[in-house]
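Everything below concerns the one structure shown next.
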Amino acid sequence: MKIHTIIPAVLAGLTTALSAATPEQEKAFVDSYKKAFEAKDTKALDAFLLTDGAAPDTIEFFKMMQNSDAGGKISSIELVTPSKEELAKYSKPMEMAPGKKYKMPIQPTKQLVIVIEKKDGDNVSKVTTKKPVAEKNGKLVIPVPVPAK
């Protein structure tokens, strides 16, 4: 293998490694999300969304979905590395409305897994939500899909 082929590959690997969020950044992201969610701070929750290039109706839909259970008690929340299948799903265009294809504006590398405990009288249920998380400009964000071209 020629040296001019190896160097770009090594540099690309270093760039990816250097741009990855630190464990402290990941903990701060999770803690901030949990605090905003349990306080039903919809403005703070909305700030987690990366909306660049997304259609206004898509942004509103994602805000509504994110904020619908806000104020509930989170029984567990963690930032995990998605499975290969989930990562592949994030890479493919998806159909969210009939005839309309969407894609992620940036590739998610993590997934926020939230378990919310809901009580209704004597009944207790748990709802698990998974949100893709990506890194943009050194900040962890939840990307909102954009129209695929």
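The values are calculated or read from the model by the stated rules, or taken from the named source; none is laboratory data. The structure displayed is predicted, hence computed values, not measured ones. Don't worry about glycine lacking a Cβ; one is built from the backbone with ideal geometry, like all the others, and counts go over all protein chains shown. Surface areas here come from the heavy atoms of the whole protein model, side chains and all, with no ligands, DNA or RNA. Shrake-Rupley method; radii C 1.70, N 1.55, O 1.52, S 1.80 Å.
Hey, can you tell me all the residues within region 91-101 that are assigned to a loop (DSSP other than H, G, I, E, B) and on the phi < 0 side of the Ramachandran plot? Once the filter is applied, which keeps residues that are assigned to a loop (DSSP other than H, G, I, E, B) and on the phi < 0 side of the Ramachandran plot, region 91-101 yields LYS92, PRO93, PRO98.
Remark: pairs (first residue in region 89-100, over 16 Å from GLN111 (Cβ atoms); second residue open to solvent by less than 80 Å² (accessible area, probe 1.4 Å); Cβ separation under 6 Å; 6+ apart in sequence or on different chains) = PRO93/ALA148; MET96/TYR102. With respect to the conditions (1) touching a Pro at 6+ places or on another chain (Cβ under 9 Å); (2) open to solvent by 60 Å² or more (accessible area, probe 1.4 Å); (3) modelled with pLDDT of 95 or more, MET96 lacks only one, and its number is (3). Taking each residue of region 115-138 that is touching a residue at least 12 places away in the same chain (Cβ under 8 Å) and looking for partners that are small (Gly, Ala, Ser) and loosely packed, with under 10 Cβ neighbours inside 10 Å with beta-carbon atoms closer than 7 Å, six or more apart or interchain, yields LYS118/SER125.
Can you tell me which residue within region 24-82, out of those that are of a type in the set (S, T, N, Q), free of Cβ contacts under 8 Å to residues at least 40 places away in the same chain and not in a strand (DSSP E or B), is least open to solvent (accessible area, probe 1.4 Å)? So that I can check it myself, show each step before the final result.
Initial filter on region 24-82 (of a type in the set (S, T, N, Q)): 25, 32, 42, 51, 58, 66-68, 75-76, 81.
Within this subset, residues satisfying the condition of being free of Cβ contacts under 8 Å to residues at least 40 places away in the same chain are 32, 42, 67-68, 76, 81.
Going one step further and asking which of them are not in a strand (DSSP E or B), we end up with 32, 42, 67-68, 81.
Working: SER32: 59, THR42: 56, ASN67: 29, SER68: 75, THR81: 94 Å².
Among those that are of a type in the set (S, T, N, Q), free of Cβ contacts under 8 Å to residues at least 40 places away in the same chain and not in a strand (DSSP E or B), it is ASN67.
Return the total of residues in region 102-149 being outside any loop (DSSP other than H, G, I, E, B), closer than 19 Å to THR22 by Cβ and open to solvent by less than 30 Å² (accessible area, probe 1.4 Å). Walk me through it before giving the result.
Just the residues of region 102-149 that are outside any loop (DSSP other than H, G, I, E, B), to begin with: 102-103, 110-120, 123-136, 139-143, 146-147.
Subsequent filtering for residues that are closer than 19 Å to THR22 by Cβ retains 110-112, 133-136, 139-142.
Retained after the next criterion (residues that are open to solvent by less than 30 Å² (accessible area, probe 1.4 Å)): 111-112, 133-134, 140-142.
Number satisfying all stated conditions: 7.
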